[in-house]
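The values are calculated or read from the model by the stated rules, or taken from the named source; none is laboratory data. Nothing here was measured: the structure is a model prediction, and the numbers come from that model. Please note: Cβ atoms are built from the backbone with ideal geometry, for glycine as well, and neighbour counts cover all protein chains shown. Accessible surface areas use protein heavy atoms only, side chains included; no ligands, DNA or RNA. Shrake-Rupley method; radii C 1.70, N 1.55, O 1.52, S 1.80 Å.
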Amino acid sequence: MAGGRKQTGIRRSDRLFDLIQILRDGKLHKARDLAERVEVSERTIWRDMATLKASGVPVEGERGVGYMITAPITLPPMNLTMGELEALHLAVAILGEATDPELSENAQSLAAKIDAVLPENTGPPAAGWGHAVHPFAFADARAGFRHMPLLRQAVRDRKVLRITYLSLTGESSTRLVRPLQLDYWGRVWTMSAWCEKRAGFRTFRVDRIETVIDTGAQFKDEPGKTLTEFIAYQKANKPFQ
């Protein structure tokens with residue numbers, strides 16, 4: 001996702017998202033290599049790693065050694081549905097923007113405690129859901145929630161969708177996609193899918209999806225296009241869009 005892309009004018013939250021995607025392979029990455037991938041200075045990488053650690057992302061490492069994401073945290077029994085989890089985080093995000101300093105501080109503390117027990121998706125691929133922790137702004141969450149009902153249904157029912165997507169460079173394009181998985185990054189959702197236009201796997205920021213249309217078609221697993229193969233593709237650390 002970060003491979004070869006110019007970072008000029010890119011928001012810090014987008015760069016942090018790129019970095020966490022790179023680190024998801026579980027390998028050790030030198031700061032200088034990360035700096036080259038996202039086209040910033042090593043000093044900026046050091047600051048970004050400190051931010052991710054402080055936000056609860058399980059990043060380990062230090063200057064001169066390198067950085068990696070460690071094993072996911074297990075989730076204790078909470079019996080929360082996805083809808084309940086979305087509602088909880090949206091409410092916390094709203095309170096985090098409150099003008100009352102004490103209320104805002106308590107909301108942020110609560111969000112950190114919730115995020116601390118949300119694991120990566122280590123369940124069976126059929127689950128179609130994943131979780132991770134990431135410090136994104138409330139505006140990102142608000143923009144993404146509008147499409148969530150249709151996206152959730154598409155993942156569950158294997159529906160082919162036609163989406164209009166706004167890239168980080170400001171280019172809008174129409175895609176026919178097979179939604180495979182939704183991942184939560186601490187107030188931002190992403191949708192991993194097979195993209196017919198690119199004939200390959202892609203990960204889309206939900207808050208950058210402009211329109212979603214249910215085509216009425218359903219898809220079946222085909223060799224090279226399944227969630228299991230997407231996960232293997234992801235672990236190979238190949239760049240996403």
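For this structure, a couple of remarks:
- Of the residues screened, Y233 is not one that is among the hydroxyl-bearing types (S, T, Y), at pLDDT below 90 and open to solvent by less than 20 Å² (accessible area, probe 1.4 Å).
- Any hit, the stretch 60-83, residues being touching a Ser or Thr at 6+ places or on another chain (Cβ under 9 Å), surrounded by 13 or more Cβ atoms within 10 Å (Cβ to Cβ) and at pLDDT below 70: yes
- Pairs, first in the same structural domain as F17 (by TED's automatic domain parsing) and in contact (Cβ under 8 Å) with a residue 40 or more places away in the chain in the stretch 45-56, second open to solvent by less than 40 Å² (accessible area, probe 1.4 Å) and outside any loop (DSSP other than H, G, I, E, B), C-beta under 7 Å, six or more apart: T51/L16; L52/L16; L52/I20; L52/V59; G56/D115
- Among the residues of the stretch 168-177, at least one is at pLDDT 80 or above, buried (at least 23 other Cβ atoms within 10 Å of the Cβ) and not acidic (D, E).
- Residues (modelled with pLDDT under 80, surrounded by 13 or more Cβ atoms within 10 Å (Cβ to Cβ) and of a type in the set (G, A, S)) located in the stretch 1-55: A2, G3, S13, S55
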